[in-house]
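Presented below is the structure to which this report refers.
None of the figures in this text is laboratory data; all of them are computed from the coordinates on show. As the structure is a computational prediction, the values presented were derived from the model and not from experiment. Note that we place each Cβ from the backbone using ideal geometry, even for glycine, and neighbour counts take in every protein chain shown.
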Amino acid sequence: MTTVGAEGPPTAAPTGAGPYLVPPWSGPRPASTPPGSRRRPAVDGPFTPERPKASWGVRAIAVLLDSAVVATIVWFATGASVGLATLPLWGGDEDPLPAGTGWWTGGTLLALAVLQAYTGMTPGKRAAGIAVVDAGSGRPIGLAGTILRWLAHFLDAFLMIGYLRAAWHREGRTFADSLLGTVVVRSTRPRPHPWVMWLRRVAPRLTWPSWTTSVAALVVCALAAAACLVTGGGTSTGAAETTSCRSDGPLAATAFVESTTAQRWSSRLGIRRVEEPTTVVVAGWTAHAVLNDDGDSAMGEDTVAALSLRSPDGLNLSSTADGGGAVTGDFPSDGAVYLEASLPEPVGPEVGVETPYDIAGWTAHAVLTSADGTLLADCVVPVPVPAPVLGPW
């Protein structure tokens, strides 16, 4: 039997029972259904038996794995801790961040966005066995859509409501998914993006078995997770150097000025990163006990200690501390270094300054005043140069 179209020569009519649904990953579509074959049942909604809805828990695991990947790369590059960088508003709160942290974080997130844009998966999503696809076509949504979806996550990040919404939504959608028309499916082989199909045609040598990519993603995520769990850190200090000076003020007191080199470090998986060393200079005052009528120290908490450092080229750093514990200025960030004063009795609070500069040739000016600003003691002394840090590295 032949049929005649509106134009052109007669063509052979197709044989068999008629067309049937063929998934795009199964190869070229045949002209007709072979006799005796069964049709694939139709599926309502954006999910199929091969690509069911991904559970909320698995999606949460994928986010944690991707965050571990970003955090590990950024830490090895800059030493910064960025936390859940894949979630907007949930990055690291370290202040100040080391130089280059923003570029490394943004670049790593962009690399993950490109992977998700054209494969539907980041390393964390592939390791968890899920993919982000368009609800209509079942394909990855491309780079522009992926970036817009990430920006829309700012709405999800507010009180985490949008992310939690995916736990009870019928199709598991966050606000970003609803705005961009995406769903998350449990599959590592979604329908390919058109650009990926084109690349497979023009460069067939660039294709490889899917399981190799999955294994690589698992290895990367496992190492990143271990690097975020096996951590350490601390501050190493060198030997302290101390000097002193006698006050010319109304109070016969002696100022002890101590300098120490401190170097902070952190480690992941036994790999150590060290920061640039800083010098901590601490000043404290001692004097023979001055007792009131009750037998207590007459100085009490009503004194204010000040310390200023001056470099040969005129740079000044300073801090003040009162007896109540209030400290202002360029004081040591961790407060871990203090003077150990012996008899005579310590007078007033201790005060410190932390600087990243080489303090050779600097002078220290220590001042002790009463609460009303009356000068009690005052002296100037060269800052002693501390010994360098001798760390285990």
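Things worth noting here:
- Chain lengthening between L155 and T213 when straightened (0.36 nm per residue, less Cα-Cα): 17.7 nm
- Mean-position separation - Cα centroids, the stretch 231-246 and the stretch 175-228, in angstrom: 51 Å
- Backbone HN-Hα couplings from phi across the stretch 110-120 [Karplus 6.51/-1.76/1.60, Hz, Gly and Pro as x]: 5, 4, 5, 5, 5, 4, 5, 4, 10, 10, x
- Ordering 239-245, 200-206 by mean Cβ neighbour count within 10 Å, with the highest value first, yields 239-245, 200-206.
- Surrounding net charge for P194, when Lys and Arg each add one and Asp and Glu each subtract one, Cβ distance under 15 Å: +3
- Percent RCO, i.e. relative contact order, over the stretch 147-186, from Cα pairs under 8 Å lying at least 6 residues apart: 38 percent
- Across the stretch 56-229, C-alpha contacts under 8 Å between residues 6 or more apart give a mean separation that, scaled by the residue count, equals a relative contact order of 26 percent.
- The Cβ shell under 10 Å around G232 holds other residues with a net charge of +2, Lys and Arg each +1, Asp and Glu each -1.
- Less than 5 angstrom separates the built amide H of S318 from those of L309, D330, all sequence-distant by 5 or more or on a different chain.
- Relative protection proxy for 187-198, 209-220, from highest mean packing down: 187-198, 209-220 (other beta-carbon atoms within 10 angstrom).
- Mean Cβ neighbour count within 10 Å, used as a protection proxy, ranking 176-182, 103-109 highest first: 176-182, 103-109
- Along the axis of the charge dipole computed for the stretch 56-229 (Cβ charges of +1 for Lys and Arg, -1 for Asp and Glu, origin at the Cα centre), the listed residues A80, P192, V219 are led at the positive end by P192.
- FRET efficiency for R200 and W168, using Cβ-Cβ distance with R0 set to 56 Å, rounded to 0.05: 0.90
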